[in-house]
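Beneath this line is the structure, given in structure tokens, with notes to follow.
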Amino acid sequence: MSEIDNYQHECIGIIHCPSSYPLVSNNDSQHEIPLYRLSEDTLNAVSWHAKQGDLLLGGGSGESAAVRFSIPEAIYFFTRDGWDDFEDFNTICRVFWTANQAFVFCDGYRQLGWNPAERIELWLAEHIVAFVLREYPAQYRQFQGSGVLQKDGSICRLPTPQEAQML
């Protein structure tokens with residue numbers, strides 16, 4: 001059982017990461033990374049700390065390493081010009097991966113258009129913001145400012161009904 005199973009959550013998206021290397025140790029076939037919306041605070045989680053409504057890409061032991069996106073802060077950051085109500089970027093987006101795991105993910109994301117000149121967590125965050133604004137407007141458009149996103153969310157897709165139930 002992965003750590004996220006200890007908290008209420010739902011799978012709202014999937015990102016395919018076509019890395020040449022295993023995303024999960026001893027599992028060469030796992031290339032689909034779930035995007036979870038947390039339905040409760042996980043501030044006491046061992047691996048990551050998030051509040052209700054935050055998004056988690058991956059997560060838990062036995063799954064891929066995680067990246068946490070704070071909501072609505074990530075949406076504000078990318079769509080509200082001049083919004084800077086944060087201490088550091090980790091309050092908006094925080095990675096929970098080792099250097100080796102980052103290398104593996106970046107190999108896959110490079111194949112999806114990421115360029116090493118850009119911070120990987122910024123690239124992922126902007127794609128995910130674009131995805132949730134497009135696919136879940138009732139939940140997220142209220143936070144959107146007038147700024148134009150540079151990423152289109154095309155690396156993300158909705159989960160199939162079966163994936164949503166299993167994850």
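Which condition number in (1) in a helix (DSSP H, G or I); (2) open to solvent by less than 60 Å² (accessible area, probe 1.4 Å) is the one that Gln165 fails?
(2)
For the stretch 96-114, check the following and say yes or no: at least one residue is of a type in the set (D, E, K, R) and surrounded by 17 or more Cβ atoms within 10 Å (Cβ to Cβ).
Within the stretch 96-114 (the criterion being of a type in the set (D, E, K, R) and surrounded by 17 or more Cβ atoms within 10 Å (Cβ to Cβ)), the answer is no, since none of the residues qualifies.
Hey, among the residues in the stretch 1-48 that are surrounded by 14 or more Cβ atoms within 10 Å (Cβ to Cβ), of a type in the set (Gly, Ala, Ser) and modelled with pLDDT of 80 or more, which one's farthest from Leu133 (Cα to Cα)?
Ser19
Mind checking which residues of the stretch 74-95 are buried (at least 18 other Cβ atoms within 10 Å of the Cβ) and free of Cβ contacts under 8 Å to residues at least 40 places away in the same chain?
Residues satisfying the conditions are Ile92, Cys93, Val95.
Among the candidates Leu56, Leu122, single out the residue that is open to solvent by less than 30 Å² (accessible area, probe 1.4 Å) and either modelled with pLDDT of 95 or more or closer than 24 Å to Ser154 by Cβ (or both).
Of the residues listed, the single one that is open to solvent by less than 30 Å² (accessible area, probe 1.4 Å) and either modelled with pLDDT of 95 or more or closer than 24 Å to Ser154 by Cβ (or both) is Leu56.
Out of the stretch 125-135, which residues are surrounded by fewer than 19 Cβ atoms within 10 Å (Cβ to Cβ) and either touching a helix residue (DSSP H, G or I) at 6+ places or on another chain (Cβ under 6 Å) or closer than 18 Å to Tyr76 by Cβ (or both)?
Listed by number, the list holds a single entry, Arg134.
Mind listing whichever residues of the stretch 97-150 are aliphatic (A, V, I, L, M), over 21 Å from His31 (Cβ atoms) and out of contact with any strand residue (DSSP E or B) (no Cβ under 9 Å at 6 or more places or on another chain)?
Those that are aliphatic (A, V, I, L, M), over 21 Å from His31 (Cβ atoms) and out of contact with any strand residue (DSSP E or B) (no Cβ under 9 Å at 6 or more places or on another chain): Ala117, Leu133, Ala138, Val148, Leu149.
Search the stretch 136-162 for residues being under 21 Å from Gln8 (Cα atoms) and assigned to a helix (DSSP H, G or I), and hand back the single one that is least open to solvent (accessible area, probe 1.4 Å).
Tyr140
The values are calculated or read from the model by the stated rules, or taken from the named source; none is laboratory data. Bear in mind that the values here come from a model prediction, so they are computed numbers and not experimental data. Reconstructed Cβ throughout: ideal geometry from the backbone, glycine too, with neighbour counts over all protein chains shown. Ligands, DNA and RNA are excluded from the accessible area calculation, which covers all protein heavy atoms including side chains. Shrake-Rupley method; radii C 1.70, N 1.55, O 1.52, S 1.80 Å.
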